[in-house]
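What follows draws every value from the coordinates through simple rules; no lab data is involved. Every value quoted in this text rests on a predicted model; they were computed, and no experiment measured them. Every residue, glycine as well, gets a Cβ built from its backbone with ideal geometry; the counts of neighbours run over all protein chains shown.
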Amino acid sequence: KQEVTQIPAALSVPEGENLVLNCSFTDSAIYNLQWFRQDPGKGLTSLLLIQSSQREQTSGRLNASLDKSSGRSTLYIAASQPGDSATYLCAVKTSYDKVIFGPGTSLSVIP
Amino acid sequence: DGGITQSPKYLFRKEGQNVTLSCEQNLNHDAMYWYRQDPGQGLRLIYYSQIVNDFQKGDIAEGYSVSREKKESFPLTVTSAQKNPTAFYLCASRDLADLSYEQYFGPGTRLTVT
C-alpha cells in the first residue's frame, strides 16, 4: 500500500534563505508526483508536476526533483519570501485514477 | 473565467442533520472528485466520478453520498451516519484526455457539525 510522508511537518526560516521540503513514498510504481501549495482555509494550487519519466521540473524560484528508485522528491525554494508562507503538499498518482497525498509541510518565512 | 466553485465556503450544521455541499466546474472536465482534509493529514478520497450517472467509492465513502446528473456538477451529501463530519472538504476535477493526469481543485468548504 502506497504511503506518502513529508518531513518536516513544520519549518520556519528567515526571509531570503534557500530551503528544501522533502516528500517520501513507499512504492516506486507511480505515474507522476505533484507539489501543491495550500494557503490557510483555501484550496490547493498546483506548483509543479513531475512525470515518472522525468527527473525534475522548474518554475521560477521553485525546483522539484524526483528519484523514483529511492522513493523521494524534494521541492527547492530559492530566496524565500514571506509570501511563500503556506502549507506544501506532495501527491503521487499510483494508478489510473488514484492519488495519494502527503500530510504537508507548514512553511513560515519570517521577514 | 473557467474554474471550480464550491459553496458555501463555511457551513454549520447540528448533529443528526444531512447536509449537501456543492461543486460546479466549467472546465468541461470528465472526472470529478471529493476529498476530505483533516488537520495534520493528507487529503483522503471520498468519492469520484468519471462520467455522468456513474461514480465510485473512494477510501472513506461511509456516511457520504454523491450524484452526477450533469457533467458540470458533483454534489456531496454528508449524512447523519458519518461519525466525524467536521472537516475541510475539497472538490477537484480532471480532463481524462489530459495525459498529465493533473487535478484542479476548488476553494473548499469548511463543515462544522455541533
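Some notes on this structure:
- Unit Cα scatterers, Debye sum, chain A: log10 I(q)/I(0) for q = 0.19 Å⁻¹: -0.92
- Within the shell of other residues whose beta carbon sits under 14 angstrom from the beta carbon of B:Glu62, the net charge comes to +3, with Lys and Arg scored +1 and Asp and Glu -1.
- Exceeding the 24 Å Cα-Cα cut-off - candidates A:Lys68/A:Lys93; A:Lys68/B:Lys57; A:Lys93/B:Lys9; A:Lys1/A:Lys68: A:Lys68/B:Lys57; A:Lys93/B:Lys9
- Comparing B:Gly58, B:Gly16, B:Gly40 in a Gaussian network model of chain B where C-alpha atoms under 10 Å apart are linked, the largest mean-square fluctuation is found at B:Gly40.
- When the Gaussian network model of chain A links Cα atoms closer than 10 Å, the mean-square fluctuations of A:Pro40, A:Pro14, A:Pro82 top out at A:Pro40.
- With K and R counted +1 and D and E -1, the other residues having a Cβ less than 12 Å from that of B:Lys83 yield a net charge of -2.
- All C-alpha pair distances within region B:17-114, sorted into 5 Å bins from zero, spread as 3, 14, 26, 26, 18, 9, 3, 1, 0 percent across the bins.
- For the protein assembly as shown, the spread of Cα positions along the three principal axes, ordered from largest to smallest, is 48, 38, 37 Å.
- 3J(HN,Hα) from dihedral phi, region B:15-30, Karplus parametrisation 6.51/-1.76/1.60, rounded to Hz, x for glycine, proline: 4, x, 9, 7, 9, 10, 9, 9, 9, 10, 9, 10, 8, 6, 7, 6
- Placing +1 on each Lys and Arg Cβ and -1 on each Asp and Glu Cβ, with no other charges, gives region A:33-97 a dipole about its Cα centre of roughly 60 debye.
- Model label points for A:Lys1 and A:Arg55, set 7 angstrom from Cα along the Cα-to-Cβ axis, are 3.5 nm apart.
- Full extension of the chain between B:Leu27 and B:Lys71 yields a length gain of 14.8 nm, computed as 0.36 nm times the residue separation minus the alpha carbon distance.
- Difference of contour (0.36 nm per residue) and Cα-Cα distance, A:Asp67 to A:Ser108: 12.1 nm
- Relative to the Cα centre, the charge distribution of the protein assembly as shown, modelled as +1 at Lys and Arg Cβ and -1 at Asp and Glu Cβ, gives a dipole magnitude of about 420 debye.
- Counting neighbouring Cβ atoms within 10 Å and putting the fewest first, the residues A:Leu21, A:Leu11 line up as A:Leu11, A:Leu21.
- Reachable lysines from B:Lys14, criterion Cα separation under 21 angstrom, eight or more residues apart if same chain: B:Lys83
- Between the residues A:Pro103, A:Tyr88, A:Phe25, the greatest Cα displacement towards the positive end of the dipole of chain A, with unit charges on the Cβ of Lys, Arg, Asp and Glu, is found for A:Phe25.
- Table column - 3J(HN,Hα) (Hz), region A:13-23, Karplus curve with 6.51, -1.76, 1.60, x for Gly and Pro: 9, x, 4, x, 7, 7, 8, 10, 10, 10, 9
- For the protein assembly as shown, DSSP calls about 90 percent of its internal beta bridges antiparallel.
- For region A:49-94, the mean projected area of the C-alpha convex hull, equal to one quarter of the hull surface, is 3.7 nm².
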